[in-house]
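J.: The structure that follows is given in the form of structure tokens.
The values are calculated or read from the model by the stated rules, or taken from the named source; none is laboratory data. Given the structure is predicted, the values throughout are model-derived calculations rather than measurements. Glycine also receives a Cβ, built like all others from the backbone with ideal geometry; neighbour counts cover every protein chain displayed. To get the accessible areas, we keep the full protein, side chains included, count just its heavy atoms, and leave off ligands, DNA and RNA. Shrake-Rupley method; radii C 1.70, N 1.55, O 1.52, S 1.80 Å.
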Amino acid sequence: MPAPLLFVLSGLTQYVGAALAVGLFAALPAATVAWLRIAVSALVLVAWLRPWRVPALRDRRHLAVTAGFGVVLATMNVAFYVAIEHLPLGTAVALEFAGPVAVAAVTGRGWRDRVAIAVAAVGVVLLAGVSLDTGPGAVVGLVAIGVSALCWAGYILLGRRVARSGAPGASGLAVAMTVGAVVFAPFLAGGAAPVLQDVRLALLVVAIAVCSSVVPYALEQVVLRRVSAATFAVLLALLPATAAVVGALALQQWPHGIEVVGLVLVSGAIALAAGTSAGAGTGPDDAPDVLPPPGTP
């Protein structure tokens, strides 16, 4: 399946999860919802994949990279949820995209990569509906979204190493999510008490975890294994574009004006990125990111 199509599928599942999450915000703090997503996803993936049987994940260097990826992933989710408590969603989405922009700018090998990410960034801003009406918690929101953007960049770079480390499937992701959940548990687990007392809330958390984390992050591991970090960063622009298309088809919320321009720009950026992937030779960014075996200098 082509990488852009995998991203569309990832986006569709994420928006289903986001719709379900709306019902939790009245009962739980946003940061706790983000932690529950990671914690329940970790339980699902560990039970399904049993990563302790994977030899590559027993090596300390592999495990260190995977653990770092897990902390970055969990921080990204928690920071984003905190940000959208204080900023308009469209503004947060557009500002967070600074992370992928930085990755493409630094790791891109030619003009196509850099032009593609610039075009994609403009398209995301137009699609996201950026608002300057930030409210009284703007400083907290801006700091949180800055942390989330930085972590999104780290997610791309570390996630690619985990995806290409030799561990099959999403086994590395299972370990990463477990580490992220454990690190944040002392700070956020206490707020999750209502879930233990309400079966409906518990089932909702499981559905959100599967739709918003298990499926999309597992699909992104597949894409990260196939494409360069710069191309992956551009493909991330498909997520808000997918939301616009879903809104049009499912809710009759047809894009108009600058939103149509945003869709066109994102489509053009994806085409440029696809051209880069197809024509790229074997270079440092194309080499498998497999860590050397123990004892190798």
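J.: If we count every other residue with Cβ under 13 angstrom of VAL143's Cβ, Lys/Arg +1 and Asp/Glu -1, where does the sum land? Write down the numbers at each step before the final one.
T.: Details: positive: none; negative: GLU85, GLU96.
Summing Lys/Arg as +1 and Asp/Glu as -1 gives -2.
J.: Which value in nm describes the separation of the simple spin-label points at ARG60 and ALA271, placed 7 Å from the Cα toward the beta carbon?
T.: 5.2 nm
J.: Where the eigenvalues come from the Cα gyration tensor of segment 1-147, what are the semi-axes √(5λ) of the equivalent ellipsoid, largest first, in whole Å?
T.: Ellipsoid semi-axes (Å, largest first): 28, 23, 16.
J.: May I ask you to evaluate 6.51 cos²θ - 1.76 cosθ + 1.60, the Karplus curve with θ = phi - 60°, for each residue of segment 224-232 and list the ³J(HN,Hα) values in order in whole Hz, giving x for glycine and proline?
T.: Working through the residues one at a time gives 4, 5, 9, 10, 6, 4, 5, 5, 4 Hz.
J.: Give the accessible surface of the chain per residue, rounded to a whole number of Å², with probe radius 1.4 Å and ligands, DNA and RNA excluded.
T.: Accessible surface, normalised per residue, equals 45 Å².
J.: How much length is gained if the chain between VAL106 and TRP48 is pulled fully straight, taking 0.36 nm per residue apart and subtracting their Cα-Cα distance, in nm to one decimal? Before the final figure, lay out the partial values.
T.: Details: separation 58, 0.36 × 58 = 20.88 nm, distance 3.63 nm.
Additional length available on full extension: 17.3 nm.
J.: Rg/Rh for the chain to two decimals, with Rh computed the Kirkwood way over all alpha-carbon pairs.
T.: The Rg/Rh ratio comes out at 0.96.
J.: Tell me the carbon and sulfur percent of the accessible area for the chain, rounded to whole percent, probe radius 1.4 Å.
T.: About 73 percent, which is the carbon plus sulfur part of the accessible surface.
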